[in-house]
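Following: one structure in structure tokens, then a few remarks.
Taken together, the values in this text are just the output of simple stated rules run on the coordinates, not laboratory data. Owing to the predicted nature of the structure, the values given are computational and were not obtained by experimental measurement. With ideal geometry, Cβ positions are generated from the backbone for all residues, glycine too; neighbour counts draw on all protein chains shown.
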Amino acid sequence: MRYGILLLGAPYSRQASHSALRFARALVAKGHILDSVFFYHDGVYNAARLAAPPQDEPHLMDGWKALHDEHGVKLDVCIAAALRRGLLNETEASRHGKEGHSIEAPFALTGLGQLVDLGLRCDRLITFAP
Amino acid sequence: MNDTQTDLQGDLLVILRHGPHGSSLLREGLDMALVAAAFGRRVSLLFMGTGCTALVSGQGQGPLGQKGTQATLNMLEMYDIETLLVESEAMHALGLEACDLSLPVIEVSPAQIQAAMTTHRLVATF
């Protein structure tokens, strides 16, 4: 089956991100296709490139990156939700006159139209909410 | 109920379970509905639990400077989002009547909610 994940919970604050990542790994282990993870609401913080969690805790951002590298899972971040929370890629940082950027590939800033398309092209869209 | 079920067909059902203040989930859920409608998808909204309070008249900007969701709700018709369902049980629990709400709604039972979830290709819950 083709799956999509909609993640709304902030990393380390809520269980949502941990559960979503475990679910994502279980999907690919079972031979399903995980098309994309769409980060929305506080879920956008999962894409923060500067996150530095303690070494004895799961590194959620690296976990998402590994899914992308090993299984081609797309990592889409809602641009409107990200910008108002201080998460910008290089292009947006430059457009808004900010000194640094906080999102980089393989996380991609995109619009909500991608979320709608993802939901409609997958057999299942699973939401992980705070 | 049969008439209601006919109305309930669509591409996307957005379920809104949070009120207009305290979190941005209502606004971000409505944003998804508007974007889907702008791309030509048939969208229905289902207000459940405290989400029903979103429809109470006069939800303007609060003292915290949030935008308020009344303006967005007023735009729904322009986006052809006309199927607004509200959870009947929540309306009773909150002491609300349809006449307290700013837009025309259809009150739905648990069975009708179940039906709505099966007659839409995609369900997103906020």
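Here the simple spin-label model places points 7 Å from the Cα toward Cβ, and for A:H59 and A:M1 these points are separated by 3.2 nm.
Residues whose amide H falls under 5 Å from that of B:I106, counting only those 5 or more places apart or on a different chain, are B:L84, B:L85, B:V86, with hydrogens built in the peptide plane. Separation of the range B:40-74 and the range A:1-37, taken as the distance between their Cα centroids, equals 29 angstrom.
Here the spin labels are modelled as points 7 Å beyond Cα on the Cα-Cβ line, and at B:L64 and B:A115 they lie 3.8 nm apart. Annotation: amide H of A:F128 within the under-5 Å range of A:L6, A:L7, A:L8, sequence separation 5 or more or interchain, hydrogens built in the peptide plane. Could you tally up the Lys pairs in the protein assembly as shown with alpha carbons closer than 25 Å? Skip any pair fewer than 8 positions apart unless they're on separate chains. Counting lysine pairs in the protein assembly as shown gives 5. Of the GluC sites (Glu not before Pro) found in the range B:1-99, those that fall in a DSSP loop while having at most 10 other beta-carbon atoms within 10 Å are B:E97.
Considering only A:D69, A:D56, A:D35, the Gaussian network model of chain A with Cα springs below 10 Å gives its largest mean-square fluctuation to A:D56. The angle between the Cα long axis of helix A:112-121 and the longest principal axis of the Cα atoms of chain A comes to about 10 degrees, rounded to the nearest 10. Dipole magnitude for chain A: about 320 debye, using +1 per Lys or Arg Cβ and -1 per Asp or Glu Cβ, origin at the Cα centre. Here the 3J(HN,Hα) profile of the range B:39-51, calculated from phi with Karplus coefficients 6.51, -1.76 and 1.60 at θ = phi - 60°, is 8, x, 7, 7, 10, 10, 10, 10, 8, 10, x, 5, x Hz, Gly and Pro shown as x.
The string of couplings for the range A:42-51 from the Karplus curve (6.51, -1.76, 1.60, θ = phi - 60°) is 5, x, 4, 5, 4, 9, 5, 6, 8, 4 Hz, one whole number per residue in order, with x for Gly and Pro. For the pair B:Y79/B:S57, report the inter-label distance in nm, with labels modelled 7 Å from Cα in the Cβ direction. Distance between the two pseudo-spin positions: 2.4 nm. Taking the C-alpha atoms only, the angle from helix A:16-29 to the longest principal axis of chain A is near 50 degrees.
Put simply, the amide H of B:V123, placed in the peptide plane, has neighbours under 5 Å in B:L13, leaving out anything fewer than 5 places away on its chain.
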